[in-house]
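The structure appears below as structure tokens.
The values are calculated or read from the model by the stated rules, or taken from the named source; none is laboratory data. What you are looking at is a predicted structure, and each value in this text was computed from that prediction instead of being measured. Every residue, glycine as well, gets a Cβ built from its backbone with ideal geometry; the counts of neighbours run over all protein chains shown. Please note that ligands, DNA and RNA were not included when accessible areas were found on the heavy atoms of the full protein model with its side chains. Shrake-Rupley method; radii C 1.70, N 1.55, O 1.52, S 1.80 Å.
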Amino acid sequence: MRDNVTDPNAASRRDFLRGSSVAAATAVLTQTAQVGMDEAAAEALATQQISAQSGTISVTLQVNGKALKTEIEPRSTLLDVLRHRLDVTGPKRVCDRGSCGACTVILDGQAVYSCTTLAISSQGKTIRTLESFDTGEGGVPHAFHQNDGLMCGYCTPGFVTACQALLEKNPNPTLEEVKKGLDGNICRCGTYVGVIQAALDAAKAIKV
Amino acid sequence: MSEPSQEPVAPESGEAGAEATAGPVCRHLRSKGMYVYTDGMDYGFEHNYDSTLYWCLKTMKAFGPDDDMVEKESCCRPDRPCYQPL
Amino acid sequence: MAANSWPESTRLLNKDYPRLDGLAKASGRAKYPSDERPEGTLFGVILYSPHAHARIKSIDTAAAEKMPGVKAVEVIAGPGKLVRYHGDDIAVVAAETEEQARDAVRAIQVEYEVLPHAATEAQAMAENAAKVIPSGNVRKGRAQVDGKPEEGLAKADAVIEATYSVPVVTHVCLEPHGLTARWDDKDHITAWASTQAVTATASELAESNELPISNVTVLTEVMGGGFGSKFGADLWGTTAARISKKVGGRPVKIFLDRIQEHLAGGNRPSAMAKVKIGATKDGKITGMIAETFGTGGVARGSGFPLPYVYKFTNFSREHADVFVNGGNSRAMRAPGHPQGCLIMESALDDLAAKLGVDPLVVRKANLGKDLLGDQTDRTQMYLEQIDIGAELIGWSKNFQPRGSQKGIVRRGLGVALHQWGGGGAPDKQVSCTVFPDGTIELKSATQDIGTGIRTVMAMIAAEVFGLQPTDIKSNIGNSTFPPGQSSGGSTTTPSMSPPCYNACLEARDEFFKKIAPALPGAPKPEDLSLADGKLMVKGEAAMSFKDAARKIGMNPISVTGKFSQGLSSNGVAGVQFADVTVDIETGVVKLNKIVAVQDSGLILDKLTWNSQVYGGVIGGLNYGLFEERVMDPVSGRMLNPDMELYQLAGASDIPEIVIHAYEPAAIKKRGVIGIGEPPTIGTAAAIGNAVSNAIGVRVTNWPMTPINVLNALAQAGKV
Amino acid sequence: MKAFEYVGATSVDQAVKALTPGSAPLAGGTDLINRMKDYVTSPERVVYLNDVKELAGISGDAASGVTILAGTRLAEILASEVVKSAYPALWQTTSEVATPQIRNMASLGGNLFQHPRCWYYRSGFGLVPKTTDGKHMLREGDNRYAAIFMTDGDALYVHPSSLAVPLIALGAKATLVGPEGERTVEVEELYKVPTSNSESPFATKPGEILKSVTIPASKGKNASYEARHKQAHDWPLVMASVNLTFSGETVSDARVVVYGVAPVPWRSKAAEEAIKDKVITVESARSAGEAAAAGAKPLSMNGFKVSMLKTVITRALCTSAGNKYWEA
């Protein structure tokens, strides 16, 4: 395993700068490809001490109240680390582009898409997946079950998590607020009728 | 079982391969219907519309080892180089 | 003896029961095939074609093979091979991590000879079009002719000519296609597959690896949607198995990414129709001439039924498959029917508008007996279903003739009729085992694609044994179990519930026979019954079921039940209504309400049945309003292989949906009929008719997007 | 996604220093991570900004103006009472952006600097997608979502940031910070139109990031109206924001900005002129919409946007006057 902190003064930076015009020509336009700075100025910047991490990195993530240690790369998404390295498979990979909601987790209290969240950025934050939710009669999963707010069930973890996050912020949602609150999730089997009722029922059950 | 049948069809003469089946279908021919409608391998063929997609077990694709399209009409012809009867 | 009818009075069946695996699914505990990561798993990633049409000149995997973590590179399309669509498979890399496999895929050097393509139907049908296959891009099917269409049309009081089209849509199964295959030893494979057919998948893995089928175990405890696209092992599945063997048996996991899922995981063919149809003043159709075509990609299969539902003579129809450089179609929820329905129903509505006759009158005027080819007179069913639906949508109060609406935001109503088969396969089996500790286990090699068969089987067993469904081990999703039905064509429940019921009845009778001599007073087996978890002797509770089970001794009772006639049936009707508002300045269609009236014989679990009907309607409203595979004529690539620009309804897009289970006693007596496909057929057609009713102009192209609505209004000179 | 090195910045100073050429700033990640997965953007280094505390928050009031720091999440903008009451054009638009999850993640800066959603760009063909034989892919191909203004040029995509539209209408200014220090520009000056794939759509200098956006005091009335297909997660097809000041009943000054019609947020001077000195009525609003459409040159598939443009301007103007005539 490589040392996870690289020295930005290393030769690779200079090599990259030389190659950057090629990158700009081939890699389509990126914010990074606006190479207007001359090499000397860039070099001056690069000599500032910045701690950068690359290669394989050992991290500890706080998942469902447990500190889980694993090895990742900076590019590993939180979703892929949960599923492929920690076997926390409640969140699902469906669109993998932040559109469908199946990967939703609660990060520091906020529902987010774990497919567009880097695992490395999630260190030190509280990560909650639906495996940690109350499965009893007062919980969101129970309401989904009773209302048959699921069929194949692959979108369900995302809906349950989005619903949990919604109710934590707004314990008395109206029908419209429930719909808006779940608009970040897509179901292909078409279980929305049961899902929406489940959210309304869960809101009632949690209050009791 | 199965989808509702439609009006009987008047076969159109001269349509290449539309009716002629030279032998039993090739053992590598597959379609969803074969797995679902187990009361007859030929189920679905008699309809006046065909929404069947075939694949070949040799290539796992809709084109056979000979790079020709996998179809019920041609995957029963002994002259097709990859043909093996059931 | 096998049963030929269901009990008249039931405790559980025909009632609501929440699915057995519901809480596991809703709490993230259910393990899907894509969740499995057996010890030592390698990740497989597919290199697929970026081009719509190309010949592979060379492929160099040397660099990829040397990349960190890479254990195998398998070439699928080698030099000289054609790739026929964006997304066509070229090679697979298996590596220790998915990131490494992806890096290695990008290190494979492929030299392509890029060939001209035809990615859209228009391109494929143009003069001098690039040839998708050597024999030509358009293949005509058999012509249908019945009577004398021209003469029939000549007798009409009104004739309309119109064209309609609906684009290719994709299945978008949330769990992508794929499996993890492990070569257990020198001649056994275990695979965790996301499939609608564990048996078919096992047989294809066996055949492609030259193993006896009994040496292959396919496991599908639960799976994340198929909609007709997940039959068999698929190329990636057999490749995973091949690589696993190559690397000494380590499991190889290949699941498609979302992009390739759209490109290669299947789709519903497009449909285009030029229709001429006429009727007399009373709405009776006198003749119809249709020319239709559609594309199933680089494959046939774009056919669809037309005429649809309605009974008349004097029609002709010609259909052609058009080949394009796009992924192959696969069966998708009621193959062919949604297309046939929306073309037939649109034409009928346009005809009704021209005649100035109520659309319901036109529909009622063209029904006929034996539309579905069985003994039931469906005319009466449709007539009753239309009336029920009309009442629920408020037709008599709210319907206004097309063109009579004023204002910027206009409301409209539409209707559509549909039909489906959905009977059972007669050769499937379920085993029922009663163990001495009172455990009852059902086994069959079927699988639950989300429709609830696991729960329905448990309900049947619980009904027979006087227990609760949660007391039953309903084990499916294993290819080594007794032969079970592939989940397709709405056939699962009608195929599986008869053998399940028979197995349970026979096991119970066997149970009574075995324990009777061991009971106090040695009652006769026929004196015994089961209720509320207790053994009853001559109607009196004697002991708990568990205690009674002890009396069978050390060995379990096991019975394999078979299909029998009378428990299931085939052929359903169905009517749907849509209530929409259309903003004619923005073209935005808002759904107010959908009504679905649906029969399906005897409903076993009403809760999951409702879910299927709601789900069918929502699938249909996606088809009607949102979905479209966009192919780029320039690059030949699919432009929206995602879940964002490929649009699907979210919670805020769901209107009020009212479903009505049409199940008078005579219908219940028909036994079990499948419900997966029927409720998704008519929705898009009903929505299209409601939009046209609202704005006074036919929107000829689906889906009903603001773009298509505004274009239709502009074409009619209405904006 | 290509491998990269990662810098977790904790201060603006540190972030600026870390953003060497070849680096990309990462905030909510809802755009950048997707581009990286699609190999559209492949930075050598990613500098994570979301833990920079000095970049998040909203301050000020309606009377003196409001400053929103660049790292502020969209959900926090929605939770702001002052934004809701004084700048409904911005609040309404923010509420219609994407999904609850994205609004929890995405920052104001990320929204303003997201890359176009053009499907040719996302397929890897660049912002000015051309075939090897020089055919403009968007002009020849599927351009239903493309621009209707500036179409004589080569940038035919539409600008992706819906929040830029109300901000420009409101006359907001952006403060950038980079190696050469801070500078403040009009929000509309953040963008430019590239003529080739090697040019940027942003007018920022190398290494600069957005620090904050300041909206001037709210004086008149402002509103937005969006035409979109789906009610749930979707992009506007066309959207307009208007900001009006009045002299008595009549409009003394107007800013009308439109989304979805050009490669930059489209300021319609013609509509502004047309509504000036008028009382807002459905008729005067319609004339402004008509005026805006003059000069539009739609491509082969997006003629519908011309009528949609007229409608959204009309409705945004009428909304500012409290007249939702279409709901009557």
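Within segment A:65-85, the set of residues being buried (at least 20 other Cβ atoms within 10 Å of the Cβ), more than 10 Å from chain C (Cβ to nearest Cβ) and part of a loop (DSSP other than H, G, I, E, B) comprises A:Pro74 only.
Screening D:Ala292 with (1) within 13 Å of chain C (Cβ to nearest Cβ); (2) in contact (Cβ under 8 Å) with a residue 24 or more places away in the chain; (3) open to solvent by less than 40 Å² (accessible area, probe 1.4 Å) gives one miss only, at (1).
Only one entry in C:Gly423, C:Gly336, C:Gly403, C:Gly340 is over 23 Å from the mean Cα position of the chain (by Cα) and not aromatic (Phe, Trp, Tyr), namely C:Gly403. Please work out if C:Lys246 is of a type in the set (Lys, Arg) and at pLDDT 95 or above. It is true that C:Lys246 is of a type in the set (Lys, Arg) and at pLDDT 95 or above.
Within segment A:141-158, track down each residue that is in a helix (DSSP H, G or I), in contact with a helix residue (DSSP H, G or I) (Cβ under 6 Å, 6 or more places away or on another chain) and under 17 Å from C:Thr455 (Cα atoms). Matches in segment A:141-158: A:Phe144, A:His145. If the condition is being open to solvent by less than 20 Å² (accessible area, probe 1.4 Å) and assigned to a loop (DSSP other than H, G, I, E, B), then segment D:209-225 contributes no residue at all.
Among the residues of segment A:91-134, those that are of a type in the set (D, E, K, R) and crowded, with 24+ Cβ neighbours inside 10 Å comprise A:Lys92, A:Arg93, A:Asp96.
Scan segment C:421-434 residue by residue and report those that are at the interface with chain B (Cβ under 7 Å from one of its Cβ atoms) and either in a strand (DSSP E or B) or of a type in the set (D, E, K, R) (or both).
Applying the first criterion (at the interface with chain B (Cβ under 7 Å from one of its Cβ atoms)) to segment C:421-434 yields C:421, C:423-427.
Hit for segment C:421-434 is C:Asp427, nothing else.
Can you go through C:Ala206, C:Ala193 and tell me which one is surrounded by 19 or more Cβ atoms within 10 Å (Cβ to Cβ), of a type in the set (A, V, I, L, M, F, W, C) and free of Cβ contacts under 8 Å to residues at least 40 places away in the same chain? Exactly one residue qualifies, and that residue is C:Ala206. Quick one: is C:Gly297 closer than 19 Å to C:Pro176 by Cβ and modelled with pLDDT under 95? No, not satisfied.
Would you pick out the residues in segment C:90-140 that are part of a strand (DSSP E or B) and open to solvent by less than 10 Å² (accessible area, probe 1.4 Å)? Give the steps one after another, and end with the answer.
Restricting attention to segment C:90-140, the residues satisfying the condition of being part of a strand (DSSP E or B) are C:90-95, C:109-114, C:138-140.
Of everything in segment C:90-140, those that are part of a strand (DSSP E or B) and open to solvent by less than 10 Å² (accessible area, probe 1.4 Å) turn out to be C:Ile90, C:Ala91, C:Val92, C:Val93, C:Ala94, C:Ala95.
Restricting attention to segment C:9-53, which residues are more than 13 Å from chain A (Cβ to nearest Cβ) and hydroxyl-bearing (Ser, Thr, Tyr)? Matches in segment C:9-53: C:Ser9, C:Thr10, C:Tyr48, C:Ser49.
Conditions (1) among the hydrophobic types (A, V, I, L, M, F, W, C); (2) within 14 Å of chain C (Cβ to nearest Cβ); (3) under 25 Å from D:Thr99 (Cα atoms), marked per residue:
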| position | (1), (2), (3) |
| --- | --- |
| D:Leu190 | yes, no, no |
| D:Thr195 | no, no, no |
| D:Ile215 | yes, no, yes |
| D:Glu226 | no, yes, yes |
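Restrict the check to segment D:82-94 and report whether at least one residue is farther than 27 Å from D:Ala262 by Cα, without any contact (Cβ under 8 Å) to a residue 24 or more places away in the chain, open to solvent by 20 Å² or more (accessible area, probe 1.4 Å) and away from chain A (no Cβ under 13 Å). Within segment D:82-94, one or more residues are farther than 27 Å from D:Ala262 by Cα, without any contact (Cβ under 8 Å) to a residue 24 or more places away in the chain, open to solvent by 20 Å² or more (accessible area, probe 1.4 Å) and away from chain A (no Cβ under 13 Å). Exactly one residue out of C:Asp282, C:Asp257 is within 23 Å of C:Pro50 (Cβ to Cβ) and open to solvent by 20 Å² or more (accessible area, probe 1.4 Å), and it is C:Asp257. Residues being farther than 20 Å from C:Val145 by Cβ and in a strand (DSSP E or B) are represented in segment C:295-315 by at least one member.
Taken over segment D:286-328, residues that are in contact with a strand residue (DSSP E or B) (Cβ under 9 Å, 6 or more places away or on another chain), small (Gly, Ala, Ser) and part of a helix (DSSP H, G or I) amount to 5.
Just to be sure before I move on: is C:Pro655 within 21 Å of the chain's Cα centre (by Cα) and within 11 Å of another protein chain (Cβ to nearest Cβ) in the structure I sent? Spell out how you get there, then give the answer.
Values: within 21 Å of the chain's Cα centre (by Cα): no; within 11 Å of another protein chain (Cβ to nearest Cβ): yes.
When the stated conditions are applied, C:Pro655 does not pass them.
Quick check: anything in segment D:112-131 facing another protein chain (nearest Cβ under 10 Å), in contact with a strand residue (DSSP E or B) (Cβ under 6 Å, 6 or more places away or on another chain) and part of a helix (DSSP H, G or I)? Scanning segment D:112-131, I find no residue that is facing another protein chain (nearest Cβ under 10 Å), in contact with a strand residue (DSSP E or B) (Cβ under 6 Å, 6 or more places away or on another chain) and part of a helix (DSSP H, G or I), so the answer is no.
Among the residues making up segment A:152-172, those that are within 12 Å of chain D (Cβ to nearest Cβ), open to solvent by 10 Å² or more (accessible area, probe 1.4 Å) and free of Cβ contacts under 8 Å to residues at least 40 places away in the same chain are A:Lys169, A:Asn170. In segment D:134-145, the residues that are free of Cβ contacts under 8 Å to residues at least 60 places away in the same chain reach residues that are among the hydroxyl-bearing types (Ser, Thr, Tyr) and open to solvent by 10 Å² or more (accessible area, probe 1.4 Å) with C-beta atoms within less than 7 angstrom, at least six apart or across chains, in these pairs: D:Met137/C:Ser635; D:Met137/D:Thr131.
All of C:Pro655, C:Pro679 fail the test of being at pLDDT 95 or above, open to solvent by 10 Å² or more (accessible area, probe 1.4 Å) and within 28 Å of C:Ala271 (Cβ to Cβ), apart from C:Pro655.
Conditions (1) assigned to a helix (DSSP H, G or I); (2) touching a residue at least 12 places away in the same chain (Cβ under 8 Å), marked per residue:
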position: C:Arg330; (1), (2): no, yes
position: C:Arg333; (1), (2): no, yes
position: C:Ala347; (1), (2): yes, yes
position: C:Leu367; (1), (2): no, yes
position: C:Glu384; (1), (2): yes, yes
position: C:Glu391; (1), (2): yes, no
position: C:Ser396; (1), (2): yes, no
position: C:Gln405; (1), (2): no, yes
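Residue count for segment C:505-535 satisfying the condition of being in contact (Cβ under 8 Å) with a residue 24 or more places away in the chain and either in a strand (DSSP E or B) or open to solvent by 50 Å² or more (accessible area, probe 1.4 Å) (or both): 10.
Selection within segment C:571-627: residues that are more than 9 Å from chain A (Cβ to nearest Cβ) and aromatic (Phe, Trp, Tyr). The member of this set that is nearest to D:Tyr325 (Cα to Cα) is C:Phe626.
Count, please, the residues in segment C:440-461 that happen to be in a loop (DSSP other than H, G, I, E, B), touching a residue at least 60 places away in the same chain (Cβ under 8 Å) and more than 12 Å from chain A (Cβ to nearest Cβ). Talk me through it step by step, then tell me what you get.
Taking segment C:440-461 and keeping what is in a loop (DSSP other than H, G, I, E, B), we get C:444, C:446-452.
From the residues that got through so far, the ones that are touching a residue at least 60 places away in the same chain (Cβ under 8 Å) too are C:446-452.
Narrowing the set further to residues that are more than 12 Å from chain A (Cβ to nearest Cβ) leaves C:446.
Summing the residues that are in a loop (DSSP other than H, G, I, E, B), touching a residue at least 60 places away in the same chain (Cβ under 8 Å) and more than 12 Å from chain A (Cβ to nearest Cβ) in segment C:440-461 gives 1.
Does C:Gly87 meet the test of being of a type outside the set (A, V, I, L, M) and farther than 27 Å from D:Val40 by Cα?
On the way: of a type outside the set (A, V, I, L, M): yes; farther than 27 Å from D:Val40 by Cα: no.
No: the conditions fail for C:Gly87.
Being surrounded by fewer than 21 Cβ atoms within 10 Å (Cβ to Cβ) and in contact with a Pro (Cβ under 9 Å, 6 or more places away or on another chain) is the filter here; which residues of segment D:141-159 pass it? Once the filter is applied, which keeps residues that are surrounded by fewer than 21 Cβ atoms within 10 Å (Cβ to Cβ) and in contact with a Pro (Cβ under 9 Å, 6 or more places away or on another chain), segment D:141-159 yields D:Met150, D:Gly153, D:Asp154. Hey, can you tell me all the residues within segment C:664-676 that are closer than 24 Å to C:Phe577 by Cα and surrounded by 24 or more Cβ atoms within 10 Å (Cβ to Cβ)? Within segment C:664-676, C:Ile673, C:Gly674, C:Ile675, C:Gly676 meet the criteria.
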